[in-house]
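Worksheet: the structure to be examined is printed underneath.
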Amino acid sequence: MVFGFLSLFLLMLFVLSVVRGPFYGFVEDGPFGPGTWGGPTKAGAWLVHAGIALPIIVLIPFVLRGLALLHAAAIRRLYGSAVGWWVLPATTFIAVGGMLFFYSWTRQI
């Protein structure tokens, strides 16, 4: 359940990065002050948002694939198949880390 929620959250971040990153100037009118990312100009803000969004757009599909493989390994372990010793600690670490990442993301909006 946590992996499904984390996957949906990452998919939402992916869509948000695609819409707001490279196309930031079309979806945001400003203001672009000195305290904003890339401000005080619209071009600077656009460049910074695109520069941050492009690596996210490239990496999130690989992260989602890794989550799917880890989830499949955890399910195989529940059914009694032989899997690596690292599956349970990795599953726990990713689940807790994903919940903390979601919590910290909701605190910054």
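The values are calculated or read from the model by the stated rules, or taken from the named source; none is laboratory data. Computed from a predicted structure; not experimentally measured. Don't worry about glycine lacking a Cβ; one is built from the backbone with ideal geometry, like all the others, and counts go over all protein chains shown. Remember, those area values only see protein heavy atoms, side chains included, never the ligands or the DNA or RNA. Shrake-Rupley method; radii C 1.70, N 1.55, O 1.52, S 1.80 Å.
Structural remarks
- Treating r as the C-beta distance of Thr36 and Leu11 and R0 as 22 Å, the FRET efficiency rounds to 0.25.
- With Cα atoms as the point set, the chain shows a radius of gyration and Dmax of 18.0, 58 Å.
- Region 66-107 - percent of accessible surface contributed by carbon and sulfur, probe 1.4 Å: 73
- Estimated from helical segments only, the mean residue ellipticity of the chain at 222 nm is -26000 deg cm²/dmol, where each DSSP H run of four or more residues counts as -39500 (n - 2.57).
- Here the gap between Trp86 and Phe62, fully extended at 0.36 nm per residue and compared with their Cα-Cα distance, gives a gain of 6.7 nm.
- The chain, accessible area per residue, ligands and nucleic acids excluded (1.4 Å, Å²): 69
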